[in-house]
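Worksheet: one structure, shown below.
Read the figures in this text as sums done on the coordinates, not as results from a lab. Everything numeric in this text was worked out from a predicted model, so none of it was measured. Glycine gets a Cβ as well: all are built from the backbone with ideal geometry, and neighbour counts include every protein chain shown.
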Amino acid sequence: MFEGKFIEGQQQTTILEEMEGVVSAQSFEAFLQWLYLRKIRFDLSEPEHQISATIELARFADMCNVTAIESEVARYLKNVLINHPNPERINIGITINTYRLTSQHIISATFLPEGHAIRRILAAATVRGYLLCENHRFAQETREYPSFGVDLLHEVGLTLKGMNIAGYGATWEDPLNGDKSEVQEFRSF
C-alpha cells in the first residue's frame, strides 16, 4: 500500500488525525462507504448537517487527492438543497436555494480547489438571490471571500448567457433547480 522509507511504508499503516472541517470519523466513514459501495449517505436528519458533512467529505477526498468522488458529492449536495427549499417564498434575500446554507458552508467550500463541483453548486444556489436582491443572503461572504465571489460571478455569467430574449420579454433559468423565471426586474447594479 505505502512505498518508500517512511514509517508508514515500513508498517503499512497510517494515522489520520482529526482536522476540523476535513478529517473526522464521519468523513472517513462516508469516504469508505463511497469507495466500496459507490454511494453517499449520511445518517443525519438536519439538511444543514448533511450539507456540512458533504462539504467535509469533499475536502477529505481533496486532501487524499481522490477526484473521482467529486461529481457524486456535488449531486448529493444539489439534491439536499433542492429537496429542502425555503418554505416561505416571501423573503427574497433568502431564496429557495439558500435557505439551508450557512456562512460556514460557503467559507469551508472556499478551501476546495478552484472549479470544484461543490463550489460551483454553492455559487449556483446563490445566483437567484444575487440577481434579485441587492443585499442578498451571502453578499458579505461574496466580498470577504473573493474566491466565492469569483465562483458566483462565473455562475451569474453563465445564467445571463443562457437568457432567452423574445420580443419585449426575457426568461432565465435558475442554475441550481432549472426553474424558469421571467425577468421582472433585476437588482440595480
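How would the stretch 16-60 be classified by its alpha-carbon gyration tensor: rounded, prolate or oblate, with rounded meaning a/c under 1.5 and the a/b versus b/c comparison settling the rest? Don't skip to the answer; put the middle values down first.
Details: a/c = 1.91, a/b = 1.02, b/c = 1.87.
Oblate shape, in that a/c is at least 1.5 and b/c is the bigger or equal ratio.
Which of GLY167, SER103, PHE60 sits closest to the plus end of the dipole of the stretch 20-182, meaning its Cα is farthest towards the positive end, when Lys and Arg get +1 and Asp and Glu get -1 on the C-beta?
GLY167
Once Kirkwood radius over Cα pairs in Å is worked out from the coordinates, which option in [x] 16.7; [y] 18.0; [z] 22.9 does it equal?
[y]
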